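Pasting a structure here, questions to come.
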Amino acid sequence: MTEEMKYKDSSVPLEERVEDLVSRMTLEEKMSQMIYDAAAVERLDIKKYNWWNECLHGVARAGTATVFPQAIGMAASFNEELLHDVAAAIADEARAKYNQAQKKSDYGIYKGLTFWTPNINIFRDPRWGRGQETYGEDPYLTGRLGVAFIKGLQGDHPKYLKAAACAKHFAVHSGPESERHHFDAVVNKKDLRETYLPAFRDAVKEGKVEAVMGAYNRVNGEPACASEELMENILRGEWNFDGHYVSDCGAIEDIYLRHKVQDSPEEAAAAAVNKGCDLNCGRVYESMKIAVEKGLLTEETIDKSVKRLLKTRFKLGMFDPEEEVPFNEISFEVNDSKENRELARETARQSIIMLKNQDDILPLNKEELDSVAVIGPNADSQPVLIGNYSGKASKYVTLVDGIHNALNDQTRVYYAEGCDLRTTEPSYWGNQPDAGFAEAVSTAEKSDVVIICLGISPELEGEEGAVANSDGGGDKIDIALPGMQEELLAAVAETGKPIIAVITNGSPVELNFVDQKAEVVLEAWYPGEEGGNAVADIIFGGYNPSAKLPVTFVRSMDQLPDFRDYSMQNRTYRFMESDPLYPFGFGLSYTSFEYSDLKLSADSFSTDSETEIKVAVKIKNSGQYQGTEIIQLYLKDLEASVPVAKYKLRGVKTVELNAEEEKEIEFILTPRDFALINKEGKAVLEPGEFELYLGGSQPDKYSQALTGNNVLKTEIKVTGSNIELEY
């Protein structure tokens, strides 16, 4: 290999290879690489490449692939290891598809290895249609799960990425969908650093995420894809992010057409590139040449972006001999494999939350059932298995399918849709919206137990433009169960038969009436291709539910601030001023767990020390079933100089125990865990008293009453003087 062609030499250090390749490119060739469907540069053996790909809960939009539960469902597992395994399986399927596409010279959209996943925005308001894509409302949990997913997707090879992850949407982005192209999310420095940025910080500093995507909206007046504060000062300045930055699709166009902070395409392109937006999902960067001619943008700045983009492609092995990249050996048969289908089922099991189990009705004994009624608009629906940004499964198991699969031929399964998800008025032909009630009630009367499948679907919530007839542009305008579902439930309840309500949704809905009328309430989210089997596993005792709510279920819209208000006051479990219906961190089990012997390695430390505090606790399965408990550790600052959260989650551990088995579990806390964010957005460790809570739920009285279990508490004292910490 000659010195002149060292970018092709895989033994040369990465930075040198990138420098060498970019030095050989013309300005036009460089600019062609900064649009998502990058052009080929044949004279340099640069293949055409489309950067746009998705894998929110499985390889999406690229044909058949394993469809795992929607992201919000996976978050309910509170299980970092599980999300890592799911992401690793997705990356295998991604490579399998990519390898085959390369053999067929298919360089089209959704065929690459750069995935615009995960969505680590904070789910601050249940009306947001894209909340289903997130890991919930808590910054700590979102950060832990985001890092796990990123590491699983990118792999741990010392030289190559299995796939490239992208943390999105940076930042302060969670609706309204209908206003996202011109909306200015106004947020104070404290909320910005305390709530909206921590998961991104974790993704960059710990997860080593390869890419970050900017949001559509402005943040405090600056477009998120041309923001000095977000992109230069924080992302690259404070966090030393060295990956590439990509715009959300059409976001650069918004800068001049809708935000109107620039007057032309070339000015918008220059503003974005100058702040470090390397890749345009859109076509505005075609105006970069004009920007250069006008002196708005320099070739040197363009070089920085092109180097970051090509560096990612080098790390994916796109310029190396095929035999040197181990992931090129992943065969097409890995995609949609039996093993991944089993993982999808296990993931769904770990995502389903038991919110109510009156008189311990569940698990049902299949041998004692002569007949079961499965009722409701979501019982035989494939869309409610899927969620948005999904692939296509080779086989879907609906909820009624799962019930059939679980029962033998001697048990009769009656099915009735009852109603649809929308209709509340008679049709043009006179069909009544409750026309299916009689059949539903008849099936209930003939059955030992009723499984009623209610909720919403991706057809009613999602991204702007993806939801037909949505007044909210994809958002929900309210959180009530739509259509005639409550009326259907009321009619079925009149039969007096025990009711198991299974809710499928991607965001909290109002479940007061369901909670009143049903003996059992299961939150199933959009549970993926194996959703029906997973729900049946829970109902009939094949699996003991362990999931917890990653987001608060409020009682009504009255508990919600204005949707456009990005202040965290009275939002999420950390700042809510009233009891919700179902709190964050809540979920029931068929067994019971006892906590004891809470011990600290030290009950005080000084602000000028680097002391780690070890927290040990014993947990025993005191029930009759094998089960998994999600142990939650919360801290409360009793003497903060500024308003702080009621308490904040700072540790999660998942432990599986046989009946009567006991284990000791250990957490490690650092001084950073005790720090607060002040009004200037600085992380400060202050002296004072802290309370530490440890148990299977939040420490509030309401959560403890719902679970029937107490949370252990102890105190830790911080001494010394105020110390500012690195954010």
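Bear in mind that the values in this text are calculations on the coordinates, not laboratory data. Keep in mind it's a predicted model, so treat the numbers as computed, not measured. Cβ atoms come from the backbone with ideal geometry, glycine included; neighbour counts cover every protein chain shown.
By how many degrees, between 0 and 90 and to the nearest 10, does the Cα long axis of helix 338-351 differ from the longest principal axis of the chain?
Value to nearest ten degrees: 60.
Rounded to the nearest 5, what % of the DSSP beta bridges within the chain are antiparallel ones?
Values: 53 of 90 bridges.
Antiparallel bridges: around 60 percent, rounded to the nearest 5.
Explain nothing, just the number: relative contact order of the stretch 593-725, from Cα pairs under 8 Å at least 6 residues apart, as a whole percent. The partial results should precede the final answer.
Details: 307 pairs, mean separation 41.0, N = 133.
Over the stretch 593-725, the number comes to 31 percent.
Now, a different point. Based on the mean of other Cβ atoms within 10 Å per residue, sort peptides 17-23, 99-105 so the most packed one is first.
Values: 17-23: 18.6, 99-105: 13.1.
Ranked from most to least packed, the peptides come out as 17-23, 99-105.
Can you list the aspartates and glutamates whose alpha carbon is less than 12 Å from that of residue 517, not counting same-chain residues fewer than 8 positions off?
The qualifying aspartates and glutamates are 486, 487, 494.
For the stretch 338-575, what is one quarter of the convex hull surface built on the Cα atoms, given in nm²?
Working: hull surface 57.3 nm².
The Cα convex hull of the stretch 338-575, projected and averaged over all directions, gives 14.3 nm².
Number of Lys pairs in the stretch 593-725 with C-alpha atoms less than 15 angstrom apart, excluding same-chain neighbours closer than eight positions?
23
Where does each of 685-697, 519-531, 131-143 land if you order them by average Cβ count within 10 Å, highest first? Walk me through the numbers before you get to the answer.
Numbers: 685-697: 20.7, 519-531: 27.9, 131-143: 25.7.
Going by the mean number of other Cβ atoms within 10 Å, highest first, we get 519-531, 131-143, 685-697.
Taking only Cα atoms of the stretch 25-323, what ratio of Rg to Rh do you get with Rh as the Kirkwood inverse-distance radius? Mind dumping the intermediate values first?
Details: Rg = 18.2 Å, Rh = 19.2 Å.
Checking Rg against Rh, the ratio lands at 0.95.
In terms of Cα to Cα distance under 16 Å, which aspartates and glutamates are near enough to residue 189, apart from those fewer than 8 places away along the same chain?
Once the sequence-local aspartates and glutamates are set aside, what remains near residue 189 is 222, 228, 229, 238, 565, 680, 724, 726.
If I histogram all Cα-Cα distances within the stretch 483-601 using bins 5 Å wide from 0, what percent of pairs lands in each bin?
2, 8, 15, 18, 17, 16, 11, 7, 3, 1, 0, 0
Place +1 on the Cβ of every Lys and Arg and -1 on the Cβ of every Asp and Glu in the chain, take the dipole about the Cα centre, and give the residue among 692, 546, 83 whose Cα lies farthest towards its positive end.
83
So, counting K/R as plus one and D/E as minus one, what does the shell of residues with Cβ under 14 Å around residue 532 add up to? Present the calculation step by step, with values, prior to reporting the outcome.
Values: positive: 341, 345, 349, 395; negative: 380, 401, 529, 530, 537.
Result for the local shell: -1.
Right, something else. Treating the Cα atoms of the stretch 1-133 as identical point scatterers in vacuum, please give the log10 of the normalised Debye intensity I(q)/I(0) at q = 0.09, 0.10, 0.12, 0.19 Å⁻¹, two decimals.
Ignoring solvent entirely, the Cα scatterers give -0.39, -0.48, -0.65, -1.10.
Using R₀ = 30 Å, calculate the FRET efficiency as 1/(1 + (r/R₀)^6) where r is the Cβ-Cβ separation of residue 24 and residue 324; round to 0.05. Write down the numbers at each step before the final one.
Numbers: r = 22 Å, r/R0 = 0.73.
Between residue 24 and residue 324 the formula returns 0.85.
Quick one: grab Rg to one decimal and Dmax as a whole number for the stretch 202-352, Cα atoms only, in Å.
Radius of gyration, then largest Cα-Cα span, for the stretch 202-352: 19.2, 58 Å.
Quick one: if you stick a label point 7 Å off each Cα along the C-beta vector at residue 408 and residue 682, how many nm between them?
7.2
Which values, in whole Å and largest first, are the semi-axes of the equivalent ellipsoid of the stretch 593-725 obtained as the square root of 5 times each eigenvalue of the Cα gyration tensor? Don't skip to the end; give the middle numbers.
Values: eigenvalues 181, 49, 24 Å².
Three semi-axes, in Å: 30, 16, 11.
Continuing with the same structure: So how much slack lies between residue 603 and residue 704, counting 0.36 nm per residue of separation and subtracting their Cα-Cα distance, in nm?
Numbers: separation 101, 0.36 × 101 = 36.36 nm, distance 2.49 nm.
Here the segment from residue 603 to residue 704 would lengthen by 33.9 nm.
Okay, next question. Under a cut-off of 16 Å between alpha-carbon atoms, report the lysines in cross-link reach of residue 338, not counting same-chain residues fewer than 8 places apart.
Of all the lysines, those that pass the test against residue 338 - Cα under 16 Å, at least 8 places apart if same chain - are 392, 395.
Over the stretch 130-226, what relative contact order in percent results from Cα pairs under 8 Å that are six or more residues apart?
Values: 132 pairs, mean separation 35.9, N = 97.
After rounding, I find 37 percent.
Here's something else I'd like to know. Which value in Å is the Kirkwood Rh of the stretch 116-245 over different Cα pairs?
On the way: mean 1/r = 0.0684 Å⁻¹.
Hydrodynamic radius (Kirkwood, Cα pairs) of the stretch 116-245 is 14.6 Å.
Run the Debye formula on the Cα coordinates of the chain, all scatterers equal and no solvent, and tell me log10 I(q)/I(0) at q = 0.07, 0.10, 0.11 1/Å.
-0.50, -1.01, -1.19
With each label point set 7 Å from Cα along the Cα-Cβ vector, what nm distance links residue 290 and residue 579?
6.2
By the scheme Lys and Arg +1, Asp and Glu -1, what is the net charge of all other residues having a beta-carbon under 11 Å from that of residue 482?
Local charge sum for residue 482: -4.
Count charges around residue 417 for me, please; just the other residues with Cβ under 10 Å from its Cβ, Lys/Arg as +1, Asp/Glu as -1.
Working: positive: none; negative: 380, 420, 439.
Net charge in that neighbourhood comes out at -3.
Let me ask something additional. Would you work out the relative contact order for the stretch 482-611, in percent, from Cα pairs under 8 angstrom that are 6 or more residues apart?
After rounding, I find 20 percent.
Same structure again: Going by average Cβ density within 10 Å per residue, which order do the peptides 643-653, 144-154 take, highest to lowest?
Details: 643-653: 18.6, 144-154: 26.0.
Output ranking for 643-653, 144-154: 144-154, 643-653.
With a point put 7 Å past each Cα toward its Cβ, work out how far residue 664 is from residue 624 in nm, to one decimal.
3.2
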